[in-house]
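Any read-out appearing in this document is the output of simple, stated calculations on the displayed coordinates, not a laboratory observation. Bear in mind that the values here come from a model prediction, so they are computed numbers and not experimental data. No Cβ is skipped: glycine too gets one built from the backbone with ideal geometry, and neighbour counts run over all protein chains shown.
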Amino acid sequence: MHHPAASRDSVAQAISSILARLRDHGPRVHCITNAVAQNFTANVLLAIGCVPSMTLSPEEIGPFVAGAQALLVNLGTFDAERREATMIAVQMAVRHGLPWVLDPVFVDRAAPRAAFARELISRRPTVVRLNHAEFSALVGNEPSSAEAMTYARKCGIVLGLSGKTDLVTDGVRIASIDNGHPLMAKVTAMGCASSALVAACLATDLDVVRATIAALVIVGVAGEIAAEKSNGPGSFATAIIDSLYGLDGPKLAGRVKVS
Amino acid sequence: MHHPAASRDSVAQAISSILARLRDHGPRVHCITNAVAQNFTANVLLAIGCVPSMTLSPEEIGPFVAGAQALLVNLGTFDAERREATMIAVQMAVRHGLPWVLDPVFVDRAAPRAAFARELISRRPTVVRLNHAEFSALVGNEPSSAEAMTYARKCGIVLGLSGKTDLVTDGVRIASIDNGHPLMAKVTAMGCASSALVAACLATDLDVVRATIAALVIVGVAGEIAAEKSNGPGSFATAIIDSLYGLDGPKLAGRVKVS
Amino acid sequence: MHHPAASRDSVAQAISSILARLRDHGPRVHCITNAVAQNFTANVLLAIGCVPSMTLSPEEIGPFVAGAQALLVNLGTFDAERREATMIAVQMAVRHGLPWVLDPVFVDRAAPRAAFARELISRRPTVVRLNHAEFSALVGNEPSSAEAMTYARKCGIVLGLSGKTDLVTDGVRIASIDNGHPLMAKVTAMGCASSALVAACLATDLDVVRATIAALVIVGVAGEIAAEKSNGPGSFATAIIDSLYGLDGPKLAGRVKVS
């Protein structure tokens, strides 16, 4: 990416166009996510125009994924049921050529979870979205642009590394995103919902890097707008749903910070 | 129903009286519902004056249902635990003569779920509340007033069919309800919570059609009031809890749209 | 406690100091809690400065608890998975000398749940926090100051008994707290989240009675502030997260009602 000032408009336009397609096509996004995040994630997806589904039952997750346009696998609740559901869902996504996103929540906290995440990464998720602690736990090194690019290239994935500045890389290109607001870290499931938005955007654009950037900018800008109307993380969590719902090209335009 | 203008006041009055009984008696409503919907459903029931419970454990769901005044079975998370809980809970409801509501969420998406819903409908829930896609999946025909009446009669149930206009029928009588607001479709679990309100109203009135109408009008009017104070689905989800809590006969009176 | 007027300032100061330590140290609190309460509990803990985790998987709950500074065990969803997780987590807490809180939700509704709660109490949780109906179900007598003290002494625990007035006792000392607002009873999981706050405060203060009082005052005062800005339980649930986030010594000072 490394956009010269002149290309900033075209980045904003690409993101606006992905947003417009979300509204127009309303992709179905199937989410295997933790119980803490399910409700908020569903509301984020509805607000942006998608149709979320969340079932975990081994008997029926296959048809649900087959009927979806993207899949999210979030490890926030790492139980036997979700592990089984994940294996079926990932197989189905691969068979149908669906984009899928892995969010390896809290792999820094417990070894079995990190092992399961590595096993999933070997199946080449379209995007892996994680924070610095999770990156370090998986990769063994502190995150940096160079480390992120190397890891993305090695695994054959696009990496979305969230932090004060978000990085998105496929191992060749790299972009950094400076949208967002500190209150986002004070609302549970905000990262999980962002990963669901990445899955949603992948359903609308074959350029994985561009779709991932779009998702992170969309949620970041929505967070900036929400923060202006909030008194704390409670009202912020409500306001960000409203601002995702009301977001459009003109509102995005002045705020996109991708370089 | 087919109410002439003159009887509109009496419909509003019947609904107000059900609302007043909810506040006065605070019925216990046991809910087998999906993880996405549990928190919002509990808050909707609390706001209207009920006492929700949500346990799924096979060991104790029996006593919980036996101590409740109504039961909700929502298929939104169709897992082994909920299926087992459902069979015990339904048996207990039947044995104690408790009203119970079936919400066959997403039966249009997976065959095992539709089969389980049909099996439950053969046990004659008091009310089945579903949307158009779910109706078509179960019945095999597009929904219409005539189809809805035929299906309700055939199954010996009251049907609550939600859509732009809601229909309620026992196969003989039919009423249509035009309350509600489009934002209700942008909040996850709104339909699930509406079904829980149907269960709550059944606990206060032996006329199943009337109680079902009351529930759908109550949530619809609360939605209309909430929409006037909202900036999007986030603030709407908060505001509808407030307006359910503040709803009373006078606020209902001018807004009831049943015909 | 039985504080003379002169010592009220010092109580407020002790609570402010616990609040400041929550903000500064951000203790990790692992919560085994019911699906209805998980999201709200996580947001309450984040708002006050803690780092919540919620996993239930038997394989990894051990490391999560070992890495936490306090543990909450809430019986609101009494399923096999949570029972197994609880036994592992409690063993780990005991081994590492971590404070842990038991919230025996709804033990008045089903005998197996009460039996499990008694078994857990025999392992001496640091604090047991319950309401009047739950106390009666466990103890067999109506709650009173004398009964509460006797039970706390007999079990070797600190008891937090919530009601219009909250009581906190270790069997020797007893304090009563008159903070809070009736809307708190109209929001699901408010009690569960309060118990999580007790766990959080235990991580910052070795005086268990004082930490428990602090937690109940903090949530009660936040509730009072939130009620002034609310139109019902929906906006209240949002506002209490905001007021927990914004709470500080000066805001607490004039409002602490401990005697």
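Observations on the structure shown:
- Cα convex hull, region C:103-179: 78 Å³ per residue, rounded to a whole number.
- Sum of -39500 (n - 2.57) over DSSP H runs of 4+, divided by residues of the protein assembly as shown (222 nm, nearest 500): -16500 deg cm²/dmol
- Averaging Cα coordinates gives a centre for region C:159-175 and one for region B:180-205; these two points are 39 Å apart.
- 10 Å binning of all Cα-Cα separations within region A:1-99, expressed as whole percents from 0 upward: 15, 39, 27, 15, 4, 0
- Paramagnetic reach from B:ALA66 in region C:93-121 [backbone N under 17 Å; point 7 Å along Cα→Cβ]: C:107-115
- Contact order, relative form, for chain C: 23 percent (alpha carbon pairs under 8 Å, 6 or more residues apart, mean separation divided by residue count).
- Within-13-Å neighbourhood charge of C:MET149 [Cβ basis; K, R +1; D, E -1]: +1
- Counting only residues at least eight positions apart within a chain, or on another chain, the aspartates and glutamates with an alpha carbon under 15 Å from that of C:LYS251 are C:ASP9, C:GLU224, C:GLU228, C:ASP242.
- Counts of other chain beta carbons within 10 angstrom of each beta carbon in peptide C:239-246 average 5.
- B:ALA20-A:LYS229 FRET efficiency (beta carbon distance; Förster radius 35 Å; 0.05 resolution): 0.45
- Summed side-chain charge close to B:CYS31 - residues other than B:CYS31 whose Cβ falls under 12 Å, Lys, Arg +1, Asp, Glu -1: +1
- Peptide C:26-38, shielding by other chains (average Cβ, 10 Å cutoff): 4
- In the protein assembly as shown the Cα-Cα distances spread across 10 Å bins starting at 0 as 3, 14, 24, 26, 20, 10, 3, 0 percent of all pairs.
- Total formal charge among the other residues, if their Cβ is under 14 angstrom from that of C:LEU19, Lys/Arg +1 and Asp/Glu -1: +2
- Solvent-free Debye calculation, one equal scatterer per alpha-carbon of region B:185-235: log10 I(q)/I(0) at 0.17, 0.24 Å⁻¹ equals -0.54, -0.87.
- Extending 7 Å from Cα along the Cβ direction at A:GLU142 and again at A:ALA115 yields two label points whose distance is 3.0 nm.
- Out-of-range pairs (alpha-carbon distance over 18 Å; input A:LYS164/A:LYS186; B:LYS164/B:LYS257; A:LYS186/B:LYS229; A:LYS229/B:LYS186): A:LYS186/B:LYS229; A:LYS229/B:LYS186
- Calculated FRET value between A:ARG123 and B:HIS132, using beta carbons and R₀ = 45 Å, to 0.05: 0.75
- What you get for chain C, charging only the Cβ of Lys and Arg (+1) and of Asp and Glu (-1), is a dipole of about 280 debye around the Cα centre.
- Tail weight of P(r) past 22 Å, computed on alpha-carbon pairs of chain C, percent: 50
- Rounded to the nearest 20 debye, the dipole size of the protein assembly as shown about its Cα centre is 0 debye, using +1 on the Cβ of Lys and Arg and -1 on the Cβ of Asp and Glu.
- Computing FRET efficiency as 1/(1 + (r/R0)^6) for C:ASP248 and B:ARG153, where r is the C-beta to C-beta distance and R0 is 45 Å, gives about 0.10.
- Dipole of region A:113-259 computed with +1 at Lys/Arg Cβ and -1 at Asp/Glu Cβ about the Cα centre; of A:LEU120, A:VAL209, A:SER144, farthest Cα towards the positive end is A:LEU120.
- Lys/Arg +1, Asp/Glu -1 at C-beta; region B:5-251 dipole; positive extreme among B:SER10, B:MET54, B:THR33: B:SER10
- Inter-part distance where region B:225-251 and region C:72-141 are each reduced to a Cα centre, Å: 37
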